[in-house]
Amino acid sequence: MLLSIIIISFNTSQLLQSCLQSVYQALKKGNLEDSSEVIVVDNASTDNSVEVVRNNFSQTNLICNRKNLGFAKGNNQGMQKSKGKYVLLLNSDTELAADTLAVLLKEAESDKKTGVLGVKLLNRDGSLQPSAGFFPDLHKIFFWMTFVDDLPLLSNILKPYHQQNPKFYKKAQNIDWVSGACFLVRREAILKAGFLDEKIFMYGEEVEWCYRIKKSGFSVRYTPDTSIYHHKGASGEGKEAGICEEFSYLKYFYHKHKPYWQLIFLKLFLMIGAMLRILVFGIIGGNSKKVNLYAKAFNLA
């Protein structure tokens, strides 16, 4: 088996149907139907997601959970059932281009040291959706929290935690992490680095996993040679909504992988960042919703 595609489903029946249609079209286009499998892990959806799979995509392997296990545990469940040389983790709110799978596999096969591969993500309107970055070292967290890495002229020099510069996404290159929305991983890398960390329910799982995969001797790579639509995360408000979860994830990451003194500085930088955003969004912007959000994040720091 060459490729296993794993899709986590949770109350996204219409998006899931579009996603699966694009997956099977891409498999057909790449002549991959006989060497691939598709696994949908449903995390206790209350809509008709399960029926959509059973009625329209009967060739799909379906795993139905009794409760929402989250991104990491759900994907691990699928990976443990999978057989492919490569595993593609795919969000249910994505749509592949016809050539996506063929491009990904060609790129991965060209270098045995490529452990993870990500592609260009697009919003609904076709605009770029930033989807990669560098590991959250202390100086990168400081530059992020103080808005320094938002300055276009500095973003490439600083190698920010969240890479926002559109120019970055125009060329293929090695990177530290790519988005879990479309995440191709080599099985050999999984065997050496282990599965996703199930203590992380949502936000940051792919960053922590890429960290272990790179430490195992593999590279993480981004290619712009194909793109997919990712139908969520397009609005600024959506990006802000996960900040509390990201603060919690970063503290966990530092507790697991960094010395204690760095964890102390991390908390300080997160508090500074939250206070700056309360100031910017509250006093200057008048956005009470974001003020409340960052006040909560401040308490979590």
Among the residues of the stretch 219-238, is there at least one that is part of a loop (DSSP other than H, G, I, E, B), modelled with pLDDT under 95 and within 21 Å of A72 (Cβ to Cβ)? yes
Do the conditions hold for S45, that is, is it assigned by TED's automatic domain parsing to the domain that holds T100, in a helix (DSSP H, G or I), closer than 20 Å to E95 by Cβ and at pLDDT 95 or above? no
Test P136 against the stated conditions and say whether it is out of contact with any Lys or Arg (no Cβ under 8 Å at 6 or more places or on another chain), at pLDDT 90 or above, under 25 Å from F298 (Cα atoms) and crowded, with 21+ Cβ neighbours inside 10 Å. yes
Just to be sure I understand the filter: pairs with C-beta atoms under 6 Å, separated by 6 or more residues or on different chains, first member in the stretch 130-141 and assigned by TED's automatic domain parsing to the domain that holds E208, second member charged (D, E, K, R). Which pairs pass? F134/K159; F134/D176; F135/D176
The stretch 19-40 - residue that is out of contact with any Leu (no Cβ under 9 Å at 6 or more places or on another chain) and within 29 Å of L69 (Cα to Cα) and, of those, surrounded by the most Cβ atoms within 10 Å (Cβ to Cβ): L20
Take the residues in the stretch 204-228 that are surrounded by fewer than 21 Cβ atoms within 10 Å (Cβ to Cβ) and in contact with a Ser or Thr (Cβ under 6 Å, 6 or more places away or on another chain), then tell me which one is nearest to F135 (Cα to Cα). S219
Among the residues of the stretch 242-266, which ones are closer than 22 Å to K215 by Cα and outside any helix (DSSP H, G or I)? K258, P259
Pair list, Cβ < 7 Å and 6+ apart or interchain, from the stretch 36-62 residues that are among the small types (G, A, S) to residues that are in a strand (DSSP E or B): S36/L3; S36/I5; A44/N65; S45/S9; S49/S9; S49/D42
May I ask you to verify whether K67 is part of a loop (DSSP other than H, G, I, E, B) and surrounded by fewer than 21 Cβ atoms within 10 Å (Cβ to Cβ)? yes
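Residue-wise test of (1) assigned to a helix (DSSP H, G or I); (2) touching a Leu at 6+ places or on another chain (Cβ under 8 Å); (3) without any contact (Cβ under 8 Å) to a residue 24 or more places away in the chain.
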site: L104; (1), (2), (3): yes, yes, no
site: A108; (1), (2), (3): yes, yes, no
site: D111; (1), (2), (3): no, no, no
site: G118; (1), (2), (3): no, yes, no
site: L121; (1), (2), (3): no, yes, no
site: D125; (1), (2), (3): no, no, no
Could you tell me which of the residues K73, K29 is under 21 Å from W209 (Cα atoms), of a type in the set (D, E, K, R), in the same structural domain as V178 (by TED's automatic domain parsing) and out of contact with any strand residue (DSSP E or B) (no Cβ under 7 Å at 6 or more places or on another chain)? K73
Just wondering, is there one or more residues in the stretch 79-99 that are closer than 20 Å to Q17 by Cβ, assigned to a strand (DSSP E or B), without any contact (Cβ under 8 Å) to a residue 24 or more places away in the chain and in the same structural domain as Q129 (by TED's automatic domain parsing)? no
Based on what the data block shows, is E95 touching a strand residue (DSSP E or B) at 6+ places or on another chain (Cβ under 8 Å) and acidic (D, E)? yes
Scan the stretch 276-293 and tell me whether some residue there is at pLDDT 95 or above and of a type in the set (S, T, N, Q). no
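The values are calculated or read from the model by the stated rules, or taken from the named source; none is laboratory data. Here the structure is a predicted model, which is why all the values come from computation and not from measurement. Cβ atoms come from the backbone with ideal geometry, glycine included; neighbour counts cover every protein chain shown.
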